[in-house]
Structure formats: C-alpha cells, structure tokens
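Scroll down for the structure; my scribbles are underneath it.
Every number in this text was worked out from the coordinates using simple rules, so none of it is lab data. Remember, it's a predicted structure, so these values are computed and weren't measured experimentally. Here the Cβ positions follow ideal geometry from the backbone for every residue, glycine too, while neighbour counts run over all protein chains shown.
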C-alpha cells in the first residue's frame, strides 16, 4: 500500500478474549507490531479502537455485554483506562509513544470542535505519536446507541486527509453470502457499490461484544471512497499480508 497516512480501526471482537469478557493482550500486541512496521516505513498511523466496554466487563464481574446505557457507560469508564494502558505498554516495546483521544460524534459535527480535533491529531502525527482514538462512551450516549466506530474511523480519515482506511474485523473479507455458508465467495475488490445490492450483508460480529457489523463497514467504505481514499477490510491474522499487497481481504477503491 502506497498510502502515507493510514487510519486503522479495530473492533471489540478482535481485541477481546473468550465471549468478549476480557482484553486479549496477544491481539493488542499483534496489532501494535503491524503498526510499528508501518511506522518503520515512514507511514503515519492513527488507530481507532473499540473494546472499552468489553474490557471493563471482567473487572465489574459482567459475563455478557450490558444492555442498559448506564452500565455500558460504567463499563466503558473502567475499560478505557485498561485499554489505553495496554496499548501504551505494547507500543513502548517499539519505542513509540501512543496517545489517547476520546471523541463523540458531536465533536466531529461542530466546526469548532472539529478543527480542535484536527489540530491536535495533526500535531500528534508530526511528533511521531500514534493517536489511539475511541468514542467517548462514558458520556457519548449517541455514539453508544449507534455503536459505530466504523463510521467514526471514516470521519477521522476525512478529517486528517488520510489515503487509506483499514477495518480490522473478525471476518477476513466481504463475501457474497455468509462466510459460513457453503459456496460463499470472497469479494476481492469493490469499485461500484451497486454491485453489492444482491448480496447478503451480515450483522454484528460473532463474539457478541461488537456493536457494528458488515452494514456499517460498507457505510464506512462509502464515506472513505467518496473522500478519495481507499478502504481495506480484513482480519487481524491477514492484516500484515493485506497491507503488503497480497490478495487477501477486500479492497474498496476510490471513485
């Protein structure tokens, strides 16, 4: 990939352990290793991360994702600190500084807030920092109800003028039918979204802790490609290969 500035979004189902009840340290480390290699190639990388709510579940003794807003926010408040601490620890292995940036949809909708966010992110990139962005679940009620870091990542890409959006999911690509269904085929490249009208689009991830799904990923692709960028959809196991140009995942190309 020849993109200079890249936004990588990783979902809760990728970063959490069995049934999504704890943070998967190995998954965080694997993601960080990929980002570090991109940095070594003089790429600027922003990470948009989910999993704050999921990371807070185990310390609170929760065995399944809470459905009421107050408990979701409480779990996010506990989990966000654990999440950013793990990222910072893993990036420090590569002598890379990571920062925490918490935003809501409102921050990217109001001109003044938007400009402040952009100025901060651009300065962090200039300083060689990897910004770790998450929706501010503790107060961002609208964002929790939308449950959509895919769209947030696409809006961040627009904000900073990145050339590539990468969505890391628990599914390795877009398929023309549910991947578990016999005869389903990977769609390697999407150049026209009308081509997707006849395929079955799946719901949220298999772990039960994610809140997005394939629909939100396609919506993110539409935002990214409309802004002149490309979007890559893959899973963590294939991420390094996909970024090196191997024929894995699904690439959505700019109009």
Computed FRET value (nearest 0.05) for residue 197 with residue 222, which takes r as the C-beta separation and R₀ as 22 Å: 0.95
Among DSSP beta bridges whose residues both lie in the stretch 8-141, state the antiparallel percentage, nearest 5. 10
So for R0 = 41 Å, FRET eff. of residue 30-residue 139 from the Cβ-Cβ r, to 0.05, ends up at 0.85
Everything considered on the Cα gyration tensor (a ≥ b ≥ c; rounded for a/c under 1.5, else prolate if a/b is larger than b/c, else oblate), the stretch 1-147 must be described as oblate
Please give, to one decimal in nm, the separation of the simple spin-label points placed at residue 95 and residue 170, each 7 Å out from Cα toward the Cβ. 3.8
Rounded to the nearest 500 deg cm²/dmol, what is the calculated helix-only ellipticity per residue at 222 nm for the chain, with -39500 (n - 2.57) per DSSP H run of length n ≥ 4? -12000 deg cm²/dmol
In percent, how large is the relative contact order of the chain, given Cα pairs closer than 8 Å and 6 or more residues apart? 23
At R0 = 41 Å, FRET efficiency that the Cβ-Cβ distance of residue 185 and residue 109 yields, to 0.05: 0.60
Under the rule rounded for a/c under 1.5, else prolate if a/b exceeds b/c, else oblate, using alpha carbon gyration tensor axes a ≥ b ≥ c, the stretch 75-188 is classed as prolate
Subtracting the Cα-Cα distance of residue 4 and residue 238 from 0.36 nm times their residue separation yields 82.2 nm
Segment residue 122-residue 41, length gained on full extension (0.36 nm per residue, minus Cα span): 27.3 nm
Have a look at 102, 62, 243 and tell me which one the Gaussian network model of the chain (Cα, springs below 10 Å) gives the largest fluctuation. 62
Among 225, 104, 112, which one shows the highest mean-square fluctuation when the chain is modelled as a Gaussian network with alpha-carbon springs under 10 Å? 112
Once you sort the root eigenvalues of the Cα gyration tensor of the stretch 5-252 as a ≥ b ≥ c, which label holds: rounded (a/c under 1.5), prolate (a/b larger than b/c) or oblate (the other case)? rounded
Pick from 51, 27, 194 the residue whose mean-square fluctuation is largest in a GNM of the chain, springs joining Cα atoms under 10 Å. 194
Could you check what % of the DSSP bridge pairs in the chain are antiparallel, to the nearest 5? 20
